[in-house]
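Structure first, commentary second.
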Amino acid sequence: MATPINNNMAAIKRYVVVGGGIAGVSCAEQLSQMDPTAHITLVSASKLIKSVTNFQKVTRTLELFDVEETDVSHLTRSCSNVTVINSHMTSVNPDQHIIHLHNSQALSYHKLCLCLGARPKLITRDHPNDVIGIRDTESVGTLQHKLSSARRVVIVGNGGIATELVYELSGCTVLWVVKDSSISSTFFDEGAASFFLPSLRTQGEASGTGGSGAAPDETVKTKPLKRMRYLLDPVDQSASGEGKDDTSGTAMGSALGPDWSSGIKMIGNNKEKGRNVHVEYNCEVERLLDSQEMKSLSLTETLLSGTENESIDSDKTSWPFYVKLTNGKVYGADFIVSATGVIPNTDRLLDTIDISKDDLGLVVDEEMRTSAVDVYAAGDVCTTSWPSVPNTWFQMRLWSQARQMGAYAAKCMLAHSGGESITLDFCFELFAHVTTFFGYKVVLLGCYNAQGLGKDYELLLRITNGVEYVKVILQHGRMVGAILIGDTDLEETFENLILNRMDLTRYGENLLDPSIDIEDYFD
Ligand SMILES: Cc1cc2nc3c(=O)[nH]c(=O)nc-3n(C[C@H](O)[C@H](O)[C@H](O)COP(=O)(O)OP(=O)(O)OC[C@H]3O[C@@H](n4cnc5c(N)ncnc54)[C@H](O)[C@@H]3O)c2cc1C
Ligand SMILES: NC(=O)C1=CN([C@@H]2O[C@H](COP(=O)(O)OP(=O)(O)OC[C@H]3O[C@@H](n4cnc5c(N)ncnc54)[C@H](O)[C@@H]3O)[C@@H](O)[C@H]2O)C=CC1
């Protein structure tokens with residue numbers, strides 16, 4: 001029988017936020033700032049929570065900040081009306097306005113915000129020792145431990161985590177398995193991807209088969225960028241294991257974020273070896289084989305020894321297991337990192353709240369409301385359902401969006417408590433992301449890859465190998481998206497041009513002429 005722990009609070013507005021990641025913490029902080037009299041409870045399955053420090057606006061929509069992983073006292077000191085319960089929510093009863101916690105406690109709410117995050121969507125859960133995902137501090141500890149004795153690591157996936165890992169790993173051979181014909185396809189088309197290929201080879205050899213983007217011959221030394229600081233507490237099994245759901249594995253710690261890999265050693269068993277990446281394009285992992293299965297197959301393994309391919313017959317090395325790719329090749333490996341996207345942590349809510357059929361997130365409207373009355377959601381757990389007009393914002397499961405959604409959900413909860421509605425926050429007008437890939441600053445604005453534009457667009461390009469890559473997407477003479485790689489200093493001007501929807505037809509290619517100071521041009 002559940003024990004309600006706050007029935008005497010009926011008169012006070014009680015806001016409950018579940019999840020100690022950036023969405024949950026931003027939501028609790030915003031509620032506290034806007035209503036210092038409110039009673040706010042943050043339920044966090046992990047003892048460590050995220051906090052944002054040194055926040056700075058780069059432009060109207062681009063944000064830079066440091067992220068720290070701290071204990072809960074950091075939040076309760078700065079927000080005196082926030083109480084933190086270190087527990088695991090087991091279910092929600094929207095009819096009774098109650099959530100149930102681990103060990104049979106129940107907590108009532110007037111308004112609830114679910115910020116449960118997501119977990120890695122692994123290529124298989126059948127081989128937990130061989131196939132790992134990266135999400136939280138604990139999973140990075142596992143990666144480091146496995147790496148220390150690894151000769152060869154397979155990285156599957158072509159998005160953010162894979163792109164960061166292939167650049168950071170050294171001391172072993174990395175086999176990068178991508179579904180596409182170019183690298184980092186979540187963020188870049190083939191042109192932009194080929195700008196990065198020399199960086200992949202900077203510290204060692206990189207080879208590739210099956211891709212369309214041939215690596216340029218020159219090896220360019222990349223200019224290291226001032227990186228954002230990200231502080232990780234030392235891996236604490238007891239902290240990140242708190243509240244772990246053994247049956248579904250849904251409750252990991254909070255997700256890592258900007259610059260998570262900086263300062264973390266990711267070195268394989270050969271400390272002398274630099275970066276050594278081999279890319280297999282246009283394929284996926286078909287199956288994993290153990291050494292017995294391998295022996296019984298008359299397959300050919302491609303060895304990653306320099307640029308030569310040798311047959312398995314001459315390979316006397318034995319591996320813990322082998323991966324068979326859909327292109328027929330088989331490689332031995334020590335372990336696999338499955339960097340293949342995320343699944344929102346909605347398993348326990350399937351019966352009570354509407355879930356997106358596409359990505360299993362909690363569907364939210366433009367005031368962050370789910371289908372259940374007084375239940376809101378923010379961050380990686382949610383799927384936005386509002387139409388984006390003009391069509392230059394879209395959801396991506398990113399730190400910046402989790403922070404913005406958490407804070408905006410708080411504003412919506414307070415407005416609705418007062419019987420008011422609220423207009424969609426400005427930050428959802430333009431997709432804007434700043435990050436670092438291969439040592440370069442990367443700014444993505446609007447429909448940076450011409451998403452949703454069909455064939456009805458034009459591209460302008462400016463490329464200086466090893467220095468910068470600028471791509472602008474124009475539709476009917478108006479800028480609708482841009483990719484800025486390197487220190488281009490164009491982000492503010494381009495953001496304004498996209499937001500203002502100015503007709504740029506008469507400027508033609510001069511828009512990207514490096515001899516023209518574009519900011520003056522539009523003053
Ligand atoms: C390796 C890595 C690198 C990344 N790098 C970047 C980057 O450079 N830039 C960027 O913008 N984004 C990056 N991201 C994405 C970004 O970190 C996430 O989008 C963001 O952190 C999501 O925040 P969240 O609060 O929604 O979810 P989470 O951080 O996952 O937090 C969810 C919280 O809910 C808790 N929880 C879950 N279920 C329950 C329950 N039943 N009861 C109680 N608590 C529960 C969890 O323990 C966790 O504390 C990265 C992600 C990863 C994994
Ligand atoms: N710098 C940044 O902005 C970073 C952002 N992140 C975020 O963290 C989250 C997790 O990152 P990722 O796991 O990299 O997700 P992702 O969504 O960025 O990329 C997933 C990739 O895996 C591929 N994929 C999916 N299923 C596959 C399969 N079965 N076989 C082969 N490939 C498959 C997809 O095509 C896609 O390229 C994302 O939300 C991402 O945006 C992560 C790291 C860095």
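Just so you know, all these numbers are worked out from the coordinates, no wet-lab data involved. Just so you know, these numbers come straight off a predicted model, no measurement behind them. In this analysis, Cβ positions are derived from the backbone assuming ideal geometry, glycine residues included, and neighbour counts consider all displayed protein chains.
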Under 5 Å between amide H atoms, partner at least 5 residues away or on a different chain: which partners does LEU101 have, H built in plane at 1.01 Å? THR90, ALA106, LEU107
If I model a spin label as a point 7 Å beyond the Cα along the Cα-Cβ vector, how far apart are those points for SER73 and LEU350 in nm? 4.2 nm
Expected output is a single nm value to one decimal: the length gained when fully extending between SER318 and LYS57, i.e. 0.36 nm times separation in residues minus the C-alpha distance. What is it? 88.8 nm
Which far-off residues, 5 or more places away or on another chain, put their amide H under 5 Å from the one on ARG14, with H placed in the peptide plane? HIS110, LYS111
Segment ILE264-ASN103, length gained on full extension (0.36 nm per residue, minus Cα span): 54.4 nm
For ARG478, enumerate residues with amide H under 5 Å from its amide H, sequence gap 5+ or separate chain, H modeled in the peptide plane. LEU504
Above-threshold pairs, the threshold being 31 Å between Cα atoms, out of LYS50/LYS111; LYS50/LYS324; LYS50/LYS179: LYS50/LYS324; LYS50/LYS179
Could you give the length gained on full extension between LEU459 and ASP365, defined as 0.36 nm per residue of separation minus the Cα-Cα distance, in nm? 30.5 nm
At what distance in angstrom do the alpha carbon centres of region 324-352 and region 401-419 lie from each other? 33 Å
Using alpha carbons only, how many angstrom separate the centre of region 148-185 from the centre of region 67-122? 35 Å
I'd like the Karplus ³J(HN,Hα) series for region 52-57: coefficients 6.51, -1.76, 1.60, θ = phi - 60°, whole numbers in Hz, and an x wherever there's a Gly or Pro. 9, 10, 6, 5, 9, 8
Report the calculated FRET efficiency for THR37 and SER385 (r = Cβ-Cβ distance, R0 = 35 Å), to the nearest 0.05. 0.60
Using the Karplus curve 6.51 cos²θ - 1.76 cosθ + 1.60 with θ = phi - 60°, what ³J(HN,Hα) values do you get for each residue of region 349-361, in whole Hz, with x for Gly and Pro? 10, 4, 8, 10, 9, 5, 10, 5, 5, 6, 10, 6, x
